[in-house]
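Participant: Starting off with a structure, shown below.
The values are calculated or read from the model by the stated rules, or taken from the named source; none is laboratory data. From a predicted model like this one, the values you see are computed outputs, not experimental measurements. Cβ atoms come from the backbone with ideal geometry, glycine included; neighbour counts cover every protein chain shown. Note: accessible area is taken over every heavy atom of the protein model, side chains too, but ligands, DNA and RNA are not part of it. Shrake-Rupley method; radii C 1.70, N 1.55, O 1.52, S 1.80 Å.
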Amino acid sequence: MASLSLAVNLILYFMAIMHINLADASNLLTNYMGTSYMVAVLISVFADIFVGRYMTVIISSLIELVGLLLLTLQARSDRLKPPQCGFPVDPTCQRVHGGSEVHLYLSLYLIAIGSAGIKAALPAHCADQFDEKHPKERLQMSSCFNWLLLSLCTGGAISVTVFVWIQNRKGWYKGFAAATGAMGLAVIVFIAGLPRYRIATVQGSSALTEIFQVYVAAFRNRNLQLPENPDELYEISRSEASPDTEFVAHRDKPFRFLDRAAIVQTAKDAAPNPWRQCRVTQVEHAKTVLAMVPIFCSAIIMGTCLAQLQTFSIGQGNTMDTSLGKGFEMPVASLPIIPLVFLIFAVPIYERLFVPFARRLTGIPTGITYLQRVGVGLVLSIVSMVIAAVVEVQRKKVAVRNGMVDMIPGRQHLPISCFWLAPQFAVFGIADMFTYVGLMEFFYSQAPQPLKSMSSSFLWCSLSFGYFMSTIIVQAVNAATKGSTASGGWVASNNINRDHLDLFFWLLAVLSTLNFFNYLFWASWYKYKAVAPEEQQQQQAV
């Protein structure tokens, strides 16, 4: 509720108020969004080692609250903004600079860091409320992620309608102030639940560090000979270990080379160097994480496509007719309400109708496998980009036909409804439900026990790379097409009507198709973590 209106409307704020050109504004937004996902991984490590997940949510919420306050202050004060002008047609417009630009970046990245902490800790804290050893609660955890998505969509629906309308009609500072109030309310609501939460203990060490130790030890031991018998690899004695210590049996495949990290090099009564000699269980955890990397990478291009719906598609809508009957115009940044509404209805239908039906056919507790769910979403993301390209062709034809190629976006509108953009948003919304919830379930179910608290961060990290990839692709496309257009590239000018956004969308559709075939290879190669027979019987009984 507090942050989604920023993701969809900041592109207009950067251009209209801060006088940043379209390509730079798009890159600034995608870098901000990418940071909000990338930092989530680091914060999840911080949560495990020092303060715990529930406290991380509180601290992160307060950091985001400060960032929103600073953003509101800048939108309210004329001294912290460049002078008003007719951007982008007025050549005398002054871009935000100096202390005002520092203020903008500081507020944005405080919001990004706070949002990252919530993304990192909240899903894992949600999963902490269920006992994975209890068969019924284990299945309820899958439903929990679906309902978490539903709550995000509900808050997002309010954000992209009410808050965006306030920003565009009542003033940016009032819209940001509303988001600040929502963030303050979030802190109060979360703290109110503390007496009833199941609180996970702080581990005092990072499981991610143990994974890195395996990779370092395997590299340092690369010249050592592996023993013929895997039982000769290093593992602590079960009789001497604590009852909670996890043991994983050795596997020859995949990634046999990592076994070198467990070659015994020290005497039994001496403590081994953890960066040169690791347990077999550690090695198997490292193998599992490495096997998940290709699946993780397959979501990057989809994150790149999502970035376009939050940047260039908003720019498209800013040139189109946004009227809804007489006397009311929908803010263009409210277009994401379309996928959100679809998801609000689709998630319960998926959870209550599709999953039970598919479960009867497949015998799989979740209806279809995690990777099948991800694959459906990747296909739908391709369809969304194809629709976006076709719609952009039609939008430009309308601009040419009506002699409005050099129109002023936001002040003049093409005689074509912005609801032509609805299909690309709607299809991508359904793709979201399949891919991102599927990935969240996949990472949480397949991650080693010590890494489960960080599993949701893998998803945010893939999204982060997607946003940063968007920045790279935009710059690369403009560099490669610099000589083919008068504006200096397909998406380089401030006039979207003279750009070649349709070709850019086609490029993303092609990249997404190649990515899907790459995903099919790795998904068919991946072997799910084995489930104990008694646990499988319990799941079937439930």
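Participant: In terms of Cα to Cα distance under 14 Å, which aspartates and glutamates are near enough to residue 268, apart from those fewer than 8 places away along the same chain?
Facilitator: By straight Cα distance, residue 268 reaches 232, 235, 240.
Participant: Could I ask something else about it? Ranking request for peptides 510-519, 108-117, 267-276: highest mean number of other beta-carbon atoms within 10 Å first, then the rest in descending order.
Facilitator: Details: 510-519: 16.6, 108-117: 23.9, 267-276: 11.4.
Packing proxy ranking, top to bottom: 108-117, 510-519, 267-276.
Participant: Roughly how many percent of the accessible protein surface of the chain is carbon and sulfur, given a 1.4 Å probe and a whole-percent answer? Intermediate values should be presented prior to the final figure.
Facilitator: Details: 15260 of 24070 Å².
Answer for the chain is 63 percent, counting heavy atoms of protein chains only.
Participant: Identify all aspartates and glutamates with a Cα-Cα distance to residue 287 below 15 Å; exclude those on the same chain that are fewer than 8 residues away in sequence.
Facilitator: 210, 252, 259
Participant: Taking H placed 1.01 Å from N in the peptide plane, check which residues at least 5 places from residue 329 or on another chain put their amide H under 5 Å from its amide H.
Facilitator: For residue 329, the qualifying residues are 324.
Participant: Okay, moving on. Non-local amide H neighbours of residue 236 (under 5 Å, H modeled in plane, Pro and chain starts lacking H): which ones?
Facilitator: Here 280 satisfy the definition.
Participant: Write out the chymotrypsin sites (Phe, Trp or Tyr not before Pro) in the stretch 297-390 meeting two conditions: DSSP loop, and at most 15 other Cβ atoms within 10 Å of their Cβ. Could you put the intermediate results ahead of the total?
Facilitator: Values: sites: 312, 328, 342, 345, 350, 354, 357, 370; in loops: 328.
Sparse-neighbourhood loop chymotrypsin sites (Phe, Trp or Tyr not before Pro): 328.
Participant: What Kirkwood hydrodynamic radius do you get for the stretch 295-531 when you take the inverse of the mean 1/r over all pairs of distinct Cα atoms, in Å?
Facilitator: 19.3
Participant: Chymotrypsin sites (Phe, Trp or Tyr not before Pro) within the stretch 173-215: which are DSSP loop residues with at most 15 other Cβ atoms inside 10 Å? All intermediate terms of the calculation are to be shown ahead of the outcome.
Facilitator: On the way: sites: 173, 176, 190, 197, 212, 215; in loops: 197.
Within the stretch 173-215, the qualifying chymotrypsin sites (Phe, Trp or Tyr not before Pro) (loop, at most 15 other Cβ atoms within 10 Å) are 197.
Participant: Now a separate question. Rounded to the nearest 0.05, what FRET efficiency do residue 341 and residue 521 give with R0 = 51 Å and r taken as the Cβ-Cβ distance? Could you check?
Facilitator: Numbers: r = 35 Å, r/R0 = 0.69.
Using R0 = 51 Å, I get an efficiency of 0.90.
Participant: Hey, what does the equivalent ellipsoid look like for the stretch 206-284, semi-axes from the Cα gyration tensor as sqrt of 5 times each eigenvalue, largest first, whole Å? Could you put the intermediate results ahead of the total?
Facilitator: Details: eigenvalues 64, 40, 38 Å².
Result for the stretch 206-284: semi-axes of 18, 14, 14 Å.
Participant: Oh, and also: With unit charges on the beta carbon (Lys/Arg positive, Asp/Glu negative), name the residue among 408, 522, 226 whose Cα is farthest towards the positive pole of the charge dipole of the chain.
Facilitator: 408
Participant: In debye to the nearest 20, how big a dipole does the chain give about its Cα centre with +1 on each Lys and Arg Cβ and -1 on each Asp and Glu Cβ? Before the final figure, lay out the partial values.
Facilitator: Values: 40 positive and 33 negative charges, 184 e Å.
Approximately 880 debye in magnitude.
Participant: Convex hull over the Cα atoms of the stretch 1-204, averaged projected area in nm²? Don't jump to the answer; show the numbers that get you there.
Facilitator: Working: hull surface 49.4 nm².
Dividing the Cα hull surface by four gives the mean projection, 12.3 nm².
Participant: Let me ask you something else. Using the Karplus curve 6.51 cos²θ - 1.76 cosθ + 1.60 with θ = phi - 60°, what ³J(HN,Hα) values do you get for each residue of the stretch 255-260, in whole Hz, with x for Gly and Pro?
Facilitator: 6, 4, 5, 6, 4, 4
Participant: Another question, then. All other residues with a Cβ under 13 Å from the Cβ of residue 216 taken together, and with Lys, Arg as +1 and Asp, Glu as -1, what is their net charge?
Facilitator: Summing Lys/Arg as +1 and Asp/Glu as -1 gives +3.
Participant: 5 Å is the cut-off here: which amide hydrogens, built 1.01 Å from N in the peptide plane, fall below it relative to residue 416, excluding neighbours closer than 5 in sequence?
Facilitator: 321
Participant: Once you place label points 7 Å from the Cα toward the Cβ at residue 194 and residue 353, how far apart are they in nm?
Facilitator: Between residue 194 and residue 353, the simple spin-label model gives 4.3 nm.
Participant: Ignoring everything except DSSP H segments at least 4 long, calculate the 222 nm mean residue ellipticity for the chain; use -39,500 (n - 2.57) per segment, divide by total residues, nearest 500.
Facilitator: That calculation yields -20500 deg cm²/dmol at 222 nm.
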